[in-house]
1. How many residues are touching a helix residue (DSSP H, G or I) at 6+ places or on another chain (Cβ under 7 Å) and outside any loop (DSSP other than H, G, I, E, B) if we restrict to the stretch 134-148?
2. Only one residue in 128, 144 is within 29 Å of residue 206 (Cα to Cα) and either touching a residue at least 12 places away in the same chain (Cβ under 8 Å) or not assigned by TED's automatic domain parsing to the domain that holds residue 64 (or both), so which one is that?
3. Which of the residues spanning the stretch 120-133 are within 14 Å of residue 30 (Cα to Cα) and assigned to a strand (DSSP E or B)?
4. Within the stretch 176-207, which residues are out of contact with any helix residue (DSSP H, G or I) (no Cβ under 6 Å at 6 or more places or on another chain) and within 14 Å of residue 141 (Cα to Cα)?
5. Is it the case that the stretch 132-149 has a residue that's surrounded by fewer than 17 Cβ atoms within 10 Å (Cβ to Cβ), out of contact with any strand residue (DSSP E or B) (no Cβ under 9 Å at 6 or more places or on another chain), more than 30 Å from residue 66 (Cα to Cα) and modelled with pLDDT under 95?
6. On the basis of being assigned to a strand (DSSP E or B), within 29 Å of residue 95 (Cα to Cα) and either outside the structural domain of residue 38 (by TED's automatic domain parsing) or touching a helix residue (DSSP H, G or I) at 6+ places or on another chain (Cβ under 9 Å) (or both), does residue 214 make the cut?
7. Just checking, which of 261, 175 is surrounded by 12 or more Cβ atoms within 10 Å (Cβ to Cβ), within 30 Å of the chain's Cα centre (by Cα) and at pLDDT below 90?
8. Quick check on my filter: what residues within the stretch 149-164 are more than 10 Å from residue 139 (Cβ to Cβ) and assigned to a strand (DSSP E or B)?
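The values are calculated or read from the model by the stated rules, or taken from the named source; none is laboratory data. These figures come from a predicted structure and were not determined experimentally. All Cβ positions, even for glycine, are placed from backbone atoms using ideal geometry, and neighbour counts span all protein chains on display.
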């Protein structure tokens with residue numbers, strides 16, 4: 001009896017072969033294996049890409065092609081989308097609950113041979129996903145600057161996406177109405193992207209604005225940074241403007257601009 005059960009077990013395994021997951025990790029998985037997809041934020045979507053081609057087993061023991069993949073047994077509030085039939089690679093998406101609490105979550109991925117036409121059997125493996133709020137950092141440089149009237153002040157906004165999935169972030173500025181803006185910015189998984197925010201003022205004044213960065217996946221993934229701008233119509237302001245690439249005295253040569261920028265930087269060291 002035990003011998004028969006062992007033979008049936010071996011035959012059942014022979015119908016299931018290792019498939020290759022190509023993203024967000026690159027590894028081979030067999031029936032019952034578990035892979036760690038890394039971290040994502042609440043509401044974010046992670047895509048699992050699977051190579052449908054296997055080189056062993058099947059009807060003629062030369063492999064075959066899997067036809068479909070889907071996610072099952074999702075955590076409460078999560079959603080998924082199965083791959084398209086005969087897609088290459090097979091792409092399954094899993095979307096976290098926008099209000100998911102920090103923690104570790106699991107789901108099953110099933111890779112299927114349609115109607116077992118090539119006698120490949122199904123491969124079922126487990127994916128592990130860690131939910132955290134810490135998936136984004138934002139830096140704005142400089143935090144404060146001084147220019148002359150009519151001269152541009154440029155702030156660089158850098159978004160760091162630490163998640164295992166790409167995301168679109170809405171970058172906006174709130175403050176003086178004429179400087180308000182809103183822009184979607186795509187940032188690939190585990191990468192960063194920098195955009196510029198430019199202000200121009202016509203009168204001597206102190207301006208402040210708040211830079212907001214919010215994930216379109218969940219408003220809970222957000223960050224704010226304050227920036228300030230001083231507009232002064234004095235020689236020092238003109239000198240500092242040369243650091244932003246603005247030509248103050250067109251009749252002079254480049255060396256004059258460089259000296260002006262140096263003077264402004266030296267002045268800043270003592271103030």
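1. 2
2. It is 144.
3. Selection gives 123, 124, 125, 126, 127.
4. 193, 194, 195, 196, 197, 198
5. Looking for residues that are surrounded by fewer than 17 Cβ atoms within 10 Å (Cβ to Cβ), out of contact with any strand residue (DSSP E or B) (no Cβ under 9 Å at 6 or more places or on another chain), more than 30 Å from residue 66 (Cα to Cα) and modelled with pLDDT under 95, one finds at least one in the stretch 132-149, hence yes.
6. Here the answer is yes, as residue 214 does meet what is asked.
7. 175
8. Across the stretch 149-164, the qualifying residues are 152, 153, 154, 155, 161.
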